[in-house]
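Peer 1: Have a look at this one.
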Amino acid sequence: MANKLLKCKIGLSILNADLASLAAESERLLTSGADYLHLDVMDGHFVPNLTFGAPVVKCLRSKMKDVFFDMHMMVAKPEQWVKDVADAGADQYTFHIEATQNPGELCRKIREAGMKVGMGVKPNTDINVVVDWIDQDLVDMVLVMTVEPGFGGQSFMQEMMSKVSFIRSKYPTLDIEVDGGVGPNTIDSCAKAGANMIVSGTAVVKNPDPAKVIADMREAVNKQISLYSL
Ligand code: DX5
Ligand code: ZN
(Lines give C-alpha, C1' and ligand atoms only; values in the text may rest on other atoms or scores of the structure.)
(Ligands and ions follow the chains in the order given, each with its own letter.)
Protein backbone atom coordinates (compact mmCIF):
# COMPACT_ATOMS: atom_id res chain seq x y z
CA MET A 1 0.00 0.00 0.00
CA ALA A 2 1.58 3.34 -1.07
CA ASN A 3 2.64 5.87 1.60
CA LYS A 4 -0.13 8.43 0.99
CA LEU A 5 1.39 10.96 3.37
CA LEU A 6 4.81 11.25 1.72
CA LYS A 7 5.14 13.54 -1.28
CA CYS A 8 8.04 14.07 -3.63
CA LYS A 9 9.09 17.73 -3.75
CA ILE A 10 11.85 19.01 -6.03
CA GLY A 11 13.61 22.13 -4.81
CA LEU A 12 15.91 24.34 -6.80
CA SER A 13 19.14 25.67 -5.41
CA ILE A 14 19.84 28.81 -7.41
CA LEU A 15 23.34 29.27 -5.97
CA ASN A 16 24.94 28.37 -9.31
CA ALA A 17 22.37 30.19 -11.43
CA ASP A 18 23.01 33.65 -12.95
CA LEU A 19 22.66 35.62 -9.71
CA ALA A 20 22.51 38.87 -11.71
CA SER A 21 19.08 37.70 -12.95
CA LEU A 22 17.94 35.86 -9.83
CA ALA A 23 14.17 36.33 -10.28
CA ALA A 24 14.17 35.52 -14.02
CA GLU A 25 16.35 32.45 -13.45
CA SER A 26 14.09 31.28 -10.61
CA GLU A 27 10.99 31.74 -12.78
CA ARG A 28 12.64 29.86 -15.66
CA LEU A 29 13.43 26.88 -13.44
CA LEU A 30 10.12 26.91 -11.57
CA THR A 31 8.24 26.76 -14.86
CA SER A 32 10.43 23.74 -15.66
CA GLY A 33 8.48 21.83 -13.02
CA ALA A 34 10.20 22.44 -9.66
CA ASP A 35 8.05 22.66 -6.50
CA TYR A 36 9.99 25.11 -4.35
CA LEU A 37 13.01 27.40 -4.09
CA HIS A 38 15.90 26.38 -1.86
CA LEU A 39 17.65 29.61 -0.90
CA ASP A 40 21.22 29.19 0.38
CA VAL A 41 22.12 31.87 2.95
CA MET A 42 25.82 31.84 3.82
CA ASP A 43 27.40 34.25 6.34
CA GLY A 44 31.12 33.66 5.75
CA HIS A 45 31.45 32.28 9.31
CA PHE A 46 29.53 28.99 9.47
CA VAL A 47 30.74 28.30 5.93
CA PRO A 48 33.66 29.85 3.95
CA ASN A 49 31.37 31.64 1.52
CA LEU A 50 29.01 34.65 1.47
CA THR A 51 25.70 34.83 -0.44
CA PHE A 52 22.62 36.92 0.47
CA GLY A 53 20.11 37.67 3.24
CA ALA A 54 16.55 38.82 3.99
CA PRO A 55 16.59 41.88 1.67
CA VAL A 56 17.08 39.65 -1.39
CA VAL A 57 14.40 37.23 -0.16
CA LYS A 58 11.97 40.15 0.23
CA CYS A 59 12.57 41.21 -3.38
CA LEU A 60 12.12 37.66 -4.64
CA ARG A 61 8.88 37.33 -2.63
CA SER A 62 7.54 40.51 -4.26
CA LYS A 63 7.94 38.81 -7.63
CA MET A 64 6.79 35.32 -6.58
CA LYS A 65 3.76 35.43 -4.30
CA ASP A 66 3.00 31.72 -3.95
CA VAL A 67 6.33 29.89 -4.32
CA PHE A 68 7.49 27.99 -1.22
CA PHE A 69 10.79 29.44 0.04
CA ASP A 70 12.98 26.96 1.95
CA MET A 71 15.73 28.99 3.63
CA HIS A 72 18.93 26.98 4.05
CA MET A 73 20.58 29.00 6.81
CA MET A 74 24.32 28.27 6.80
CA VAL A 75 24.92 30.89 9.48
CA ALA A 76 26.79 30.90 12.80
CA LYS A 77 23.91 32.57 14.72
CA PRO A 78 20.63 31.18 13.34
CA GLU A 79 18.61 32.79 16.16
CA GLN A 80 19.66 36.25 14.89
CA TRP A 81 17.87 36.07 11.52
CA VAL A 82 14.53 34.39 12.29
CA LYS A 83 12.43 37.58 12.42
CA ASP A 84 14.03 39.26 9.39
CA VAL A 85 13.65 36.15 7.26
CA ALA A 86 10.05 35.61 8.37
CA ASP A 87 9.23 39.27 7.64
CA ALA A 88 10.80 38.84 4.19
CA GLY A 89 8.21 36.16 3.42
CA ALA A 90 10.02 32.83 3.90
CA ASP A 91 8.06 29.61 4.52
CA GLN A 92 10.64 27.31 6.08
CA TYR A 93 13.71 28.09 8.17
CA THR A 94 16.30 25.32 7.96
CA PHE A 95 19.09 25.87 10.45
CA HIS A 96 22.10 23.68 11.21
CA ILE A 97 22.10 21.78 14.50
CA GLU A 98 25.87 22.44 14.72
CA ALA A 99 25.25 26.21 14.93
CA THR A 100 23.05 26.45 18.04
CA GLN A 101 23.23 25.65 21.80
CA ASN A 102 19.41 25.69 22.16
CA PRO A 103 17.78 23.79 19.30
CA GLY A 104 14.45 23.44 21.12
CA GLU A 105 14.16 27.15 21.85
CA LEU A 106 15.13 28.00 18.26
CA CYS A 107 12.52 25.61 16.84
CA ARG A 108 9.82 27.27 18.93
CA LYS A 109 10.99 30.73 17.87
CA ILE A 110 10.78 29.73 14.19
CA ARG A 111 7.27 28.32 14.63
CA GLU A 112 6.17 31.46 16.53
CA ALA A 113 7.45 33.50 13.57
CA GLY A 114 5.07 31.49 11.35
CA MET A 115 7.62 29.34 9.53
CA LYS A 116 8.15 25.57 9.29
CA VAL A 117 11.23 24.15 10.98
CA GLY A 118 14.02 22.45 9.06
CA MET A 119 16.96 20.91 10.95
CA GLY A 120 20.18 20.37 8.98
CA VAL A 121 23.14 18.09 9.67
CA LYS A 122 26.61 18.40 8.12
CA PRO A 123 28.45 15.31 6.82
CA ASN A 124 30.54 14.79 9.99
CA THR A 125 27.56 15.12 12.34
CA ASP A 126 25.97 12.01 13.87
CA ILE A 127 22.33 11.80 12.74
CA ASN A 128 21.19 10.75 16.21
CA VAL A 129 21.46 14.39 17.34
CA VAL A 130 18.14 15.23 15.64
CA VAL A 131 16.06 12.38 17.12
CA ASP A 132 15.10 14.05 20.42
CA TRP A 133 13.81 17.17 18.64
CA ILE A 134 11.78 15.15 16.12
CA ASP A 135 10.31 13.10 18.99
CA GLN A 136 9.25 16.36 20.68
CA ASP A 137 7.44 17.23 17.41
CA LEU A 138 9.54 20.40 16.98
CA VAL A 139 10.87 19.54 13.50
CA ASP A 140 8.99 19.55 10.18
CA MET A 141 11.90 18.49 7.98
CA VAL A 142 15.39 17.00 8.37
CA LEU A 143 18.10 18.08 5.93
CA VAL A 144 20.90 15.57 5.38
CA MET A 145 23.77 17.38 3.68
CA THR A 146 25.33 15.26 0.93
CA VAL A 147 28.28 17.66 0.53
CA GLU A 148 30.24 19.80 2.97
CA PRO A 149 28.13 22.99 2.94
CA GLY A 150 29.54 26.15 1.37
CA PHE A 151 29.59 25.69 -2.41
CA GLY A 152 27.50 24.34 -5.27
CA GLY A 153 28.90 21.92 -7.86
CA GLN A 154 30.57 19.53 -5.41
CA SER A 155 30.53 15.70 -5.59
CA PHE A 156 27.74 13.72 -3.91
CA MET A 157 28.68 11.80 -0.74
CA GLN A 158 27.07 8.35 -1.10
CA GLU A 159 27.97 7.47 2.49
CA MET A 160 25.38 9.96 3.75
CA MET A 161 22.58 7.67 2.56
CA SER A 162 22.77 5.60 5.75
CA LYS A 163 21.61 8.69 7.66
CA VAL A 164 18.61 9.06 5.33
CA SER A 165 17.68 5.38 5.69
CA PHE A 166 17.97 5.60 9.48
CA ILE A 167 15.61 8.59 9.72
CA ARG A 168 13.17 7.13 7.16
CA SER A 169 13.00 3.84 9.07
CA LYS A 170 12.08 5.72 12.27
CA TYR A 171 9.76 8.35 10.72
CA PRO A 172 7.82 7.03 7.69
CA THR A 173 6.05 10.32 6.97
CA LEU A 174 8.65 12.93 7.91
CA ASP A 175 10.01 15.21 5.17
CA ILE A 176 13.66 14.29 4.53
CA GLU A 177 15.70 16.60 2.30
CA VAL A 178 19.01 15.88 0.61
CA ASP A 179 21.22 18.68 -0.66
CA GLY A 180 24.52 18.70 -2.53
CA GLY A 181 25.55 16.95 -5.74
CA VAL A 182 22.05 15.60 -6.37
CA GLY A 183 21.06 14.99 -9.99
CA PRO A 184 20.26 12.26 -12.56
CA ASN A 185 23.31 10.16 -11.53
CA THR A 186 22.64 10.23 -7.80
CA ILE A 187 18.85 10.48 -7.48
CA ASP A 188 18.29 6.71 -7.32
CA SER A 189 20.48 6.45 -4.21
CA CYS A 190 18.57 9.30 -2.55
CA ALA A 191 15.19 7.82 -3.46
CA LYS A 192 16.09 4.28 -2.35
CA ALA A 193 17.36 5.60 1.00
CA GLY A 194 14.04 7.39 1.58
CA ALA A 195 14.56 11.06 0.72
CA ASN A 196 11.42 12.82 -0.57
CA MET A 197 12.59 16.46 -0.71
CA ILE A 198 15.26 16.80 -3.38
CA VAL A 199 17.46 19.88 -3.71
CA SER A 200 19.33 20.19 -6.97
CA GLY A 201 21.44 23.06 -8.27
CA THR A 202 24.09 22.53 -10.94
CA ALA A 203 22.45 19.39 -12.39
CA VAL A 204 19.30 21.41 -13.24
CA VAL A 205 20.55 24.99 -13.66
CA LYS A 206 23.33 24.08 -16.10
CA ASN A 207 21.29 21.50 -18.11
CA PRO A 208 19.85 22.50 -21.53
CA ASP A 209 16.64 20.58 -20.62
CA PRO A 210 15.91 21.30 -16.94
CA ALA A 211 12.31 20.07 -17.28
CA LYS A 212 13.50 16.58 -18.22
CA VAL A 213 16.02 16.45 -15.37
CA ILE A 214 13.31 17.46 -12.87
CA ALA A 215 10.76 15.01 -14.32
CA ASP A 216 13.26 12.13 -14.22
CA MET A 217 14.17 12.86 -10.59
CA ARG A 218 10.50 13.08 -9.60
CA GLU A 219 9.78 9.76 -11.29
CA ALA A 220 12.63 8.04 -9.41
CA VAL A 221 11.36 9.31 -6.04
CA ASN A 222 7.69 8.57 -6.75
CA LYS A 223 8.62 5.02 -7.75
CA GLN A 224 10.20 4.46 -4.34
CA ILE A 225 7.38 6.19 -2.43
CA SER A 226 4.86 3.88 -4.13
CA LEU A 227 6.85 0.89 -2.80
CA TYR A 228 6.72 1.97 0.86
CA SER A 229 4.20 0.26 3.08
CA LEU A 230 2.88 1.74 6.25
C1 DX5 B 1 25.78 23.90 -0.65
C2 DX5 B 1 24.33 24.29 -0.77
C3 DX5 B 1 23.57 23.52 -1.82
C4 DX5 B 1 24.15 23.63 -3.21
C5 DX5 B 1 23.50 22.63 -4.12
O6 DX5 B 1 26.28 24.33 0.55
O7 DX5 B 1 23.68 24.13 0.47
O8 DX5 B 1 22.21 23.89 -1.79
O9 DX5 B 1 23.98 24.91 -3.70
O10 DX5 B 1 24.04 22.74 -5.40
P11 DX5 B 1 24.56 21.47 -6.22
O12 DX5 B 1 23.32 20.69 -6.58
O13 DX5 B 1 25.24 22.08 -7.40
O14 DX5 B 1 25.48 20.69 -5.34
ZN1 ZN C 1 21.50 24.25 0.37
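Peer 1: Taking the conditions exactly as written (modelled with pLDDT under 95, among the small types (Gly, Ala, Ser) and out of contact with any strand residue (DSSP E or B) (no Cβ under 8 Å at 6 or more places or on another chain)), does ALA17 satisfy them or not? Explain how you work it out, then say what you get.
Peer 2: Details: modelled with pLDDT under 95: yes; among the small types (Gly, Ala, Ser): yes; out of contact with any strand residue (DSSP E or B) (no Cβ under 8 Å at 6 or more places or on another chain): yes.
Yes: the conditions hold for ALA17.
Peer 1: Being within 16 Å of ligand 2 (Cβ to nearest atom) and among the aliphatic types (A, V, I, L, M) is the filter here; which residues of the range 3-24 pass it? Break it down into steps so the answer makes sense when it comes.
Peer 2: Residues of the range 3-24 within 16 Å of ligand 2 (Cβ to nearest atom): 9-17, 19, 22.
ILE10, LEU12, ILE14, LEU15, ALA17, LEU19, LEU22, listed by residue number.
Peer 1: Can you name the helices (runs of 4 or more DSSP H) wholly within the range 1-119 that have at least 3 residues being within 27 Å of TYR228 (Cβ to Cβ) and in contact with a helix residue (DSSP H, G or I) (Cβ under 9 Å, 6 or more places away or on another chain)?
Peer 2: On the way: elements: 22-30, 54-63, 82-87, 103-112.
Output list is empty.
Peer 1: Something else about it: If I ask for residues that are of a type in the set (Gly, Ala, Ser) and in contact with a Pro (Cβ under 7 Å, 6 or more places away or on another chain), which ones from the range 82-140 would you list?
Peer 2: So the first thing to find is which residues in the range 82-140 are of a type in the set (Gly, Ala, Ser), and the list is 86, 88-90, 99, 104, 113-114, 118, 120.
Selection gives ALA99 alone.
Peer 1: Continuing with this model, one more query. Can you tell me which residues in the range 188-215 are more than 16 Å from ligand 2 (Cβ to nearest atom) and touching a Ser or Thr at 6+ places or on another chain (Cβ under 8 Å)?
Peer 2: ALA193, GLY194, PRO210, ALA211, VAL213, ILE214
Peer 1: Next question, about the same structure. May I ask you to list the residues in the range 5-18 that are away from ligand 1 (no atom under 12 Å from the Cβ) and touching a residue at least 12 places away in the same chain (Cβ under 8 Å)?
Peer 2: Step one: of the range 5-18, the residues away from ligand 1 (no atom under 12 Å from the Cβ) are 5-9, 18.
Residues satisfying the conditions are LEU5, LEU6, LYS7, CYS8, LYS9.
Peer 1: Would you confirm whether or not the range 125-138 contains a residue that is in contact with a His (Cβ under 9 Å, 6 or more places away or on another chain) and within 12 Å of ligand 1 (Cβ to nearest atom)? Walk me through it before giving the result.
Peer 2: Taking the range 125-138 as the starting set, the residues that turn out to be in contact with a His (Cβ under 9 Å, 6 or more places away or on another chain) are 125.
Next, from what is left, pick out any that are within 12 Å of ligand 1 (Cβ to nearest atom): none.
Looking through the range 125-138, none of the residues is in contact with a His (Cβ under 9 Å, 6 or more places away or on another chain) and within 12 Å of ligand 1 (Cβ to nearest atom).
Peer 1: While we're on this one: For a quick check of your reading of the model, give me the residue pairs whose first member lies in the range 128-154 and is closer than 18 Å to LEU6 by Cα and outside any helix (DSSP H, G or I), whose second is modelled with pLDDT of 95 or more and among the polar types (S, T, N, Q), with beta-carbon atoms closer than 6 Å and at least 6 apart or on different chains.
Peer 2: Qualifying pairs under 6 Å: LEU143/THR94.
Peer 1: Can you name the residue in the range 161-187 that is more than 16 Å from ligand 2 (Cβ to nearest atom) and among the β-branched types (Val, Ile, Thr) and, of all such residues, is nearest to SER32 (Cα to Cα)?
Peer 2: Once the filter is applied, the top-ranked residue is ILE187.
Peer 1: Please enumerate the residues belonging to the range 150-204 that are surrounded by fewer than 18 Cβ atoms within 10 Å (Cβ to Cβ), closer than 19 Å to VAL121 by Cβ and of a type in the set (S, T, N, Q).
Peer 2: Across the range 150-204, the qualifying residues are GLN154, SER155, GLN158, SER162, SER165, SER169.
Peer 1: So PRO172 ticks every box in (1) within 13 Å of the chain's Cα centre (by Cα); (2) away from ligand 1 (no atom under 16 Å from the Cβ) but one. Which box is left unticked?
Peer 2: So the condition that PRO172 fails would be (1).
The values are calculated or read from the model by the stated rules, or taken from the named source; none is laboratory data. As the structure is a computational prediction, the values presented were derived from the model and not from experiment. Glycine gets a Cβ as well: all are built from the backbone with ideal geometry, and neighbour counts include every protein chain shown.
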